[in-house]
Amino acid sequence: MARANLTPAVVIAAAAELADREGFEAITLSALARHFGVQTASLYSHVRDRSALLDSVHELALGELADRIAVAIGGRARRDALTALADAYRGYARQFPGRWAALQRPAAASTVRSDAAGRLVTLTLAMLRGYQLPETELVHATRLLGATINGFLALEVSGSFGHREPAADVSWQRALSALDIAFRSWPTEGNP
């Protein structure tokens, strides 16, 4: 790719593709410079440093995931929306392992304030509101949802479920059923 075609978006997209091919830790400015056939210093006009690049891949992944979830949960409620949201996460983790890894790192303050993060939070809260949870309980429910999905996917990606029957897909459905039951019978504040 010619140097003139470089933009921040092109550099970030190449970093995300590199992460998916070789792992999130493979993202370096020198690796991208080799990819583009330029000197590493040339990239600094497009990205501040490696940390900013990693944050940008994180934000890109949040936006892509939010787009998938928006399509998946549209017109659905409760169990159907929960399953669609969780399956969108799982599909994303499988298709884009490096970008998924970016989502597992602590978000920078700028990433937390990004439009992409805001869209993902809005979609998650909309799904949970379908269960008619009190507003005061949404943070707790979001944490349970995230811990369940991310924990399951982290174990699945590491191969922890590959050596025992039944298949991980059966356990995935059980986990979603348990979440559905938990959200339908959620304790209200002061009622543990």
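The values are calculated or read from the model by the stated rules, or taken from the named source; none is laboratory data. Just so we're clear, the structure is a prediction, and the values are computed from it rather than from any experiment. All Cβ positions, glycine included, derive from the backbone under ideal geometry; neighbour counts span all protein chains shown. Accessible surface is based on the protein model in full, side chains and every heavy atom, while ligands, DNA and RNA are left aside. Shrake-Rupley method; radii C 1.70, N 1.55, O 1.52, S 1.80 Å.
Taking the charge dipole of the stretch 1-85 about its Cα centre, with +1 at Lys and Arg Cβ atoms and -1 at Asp and Glu Cβ atoms, the residue from ALA33, LEU65, LEU82 reaching farthest to the positive side is LEU82. When its C-alpha radius of gyration is set against 2.2 N^0.38 Å (N residues), the chain gives a value of 1.17.
Given Cα pairs under 8 Å that are at least 6 residues apart, what percent is the relative contact order of the chain?
21
GNM on the chain, C-alpha springs below 10 Å: top fluctuator among ALA16, ALA108, ALA116? In this elastic network of the chain, the residue with the biggest mean-square fluctuation among ALA16, ALA108, ALA116 is ALA108.
At q = 0.18, 0.21, 0.30 Å⁻¹ the log10 of I(q)/I(0) for the stretch 46-108 amounts to -0.66, -0.81, -1.19, computed by Debye summation with a single uniform scatterer per C-alpha, solvent ignored.
Considering only Cα atoms, the convex hull volume of the stretch 1-106 works out to 96 Å³ per residue. Mean residue ellipticity at 222 nm, helices only, the chain: -21500 deg cm²/dmol; runs of at least 4 DSSP H residues each add -39,500 (n - 2.57), and the sum is divided by the number of residues.
Within the listed set SER114, SER30, SER158, the Gaussian network model of the chain (springs between alpha-carbon atoms below 10 Å) gives the highest mean-square fluctuation for SER158. For the chain, a Gaussian network of Cα nodes joined below 10 Å ranks ILE27, ILE73, ILE181 by mean-square fluctuation, and the top entry is ILE181.
Quick one: pull the percent of accessible area on the chain belonging to carbon and sulfur, 1.4 Å probe, ligands and nucleic acids left out.
C and S fraction of accessible area: 55 percent.
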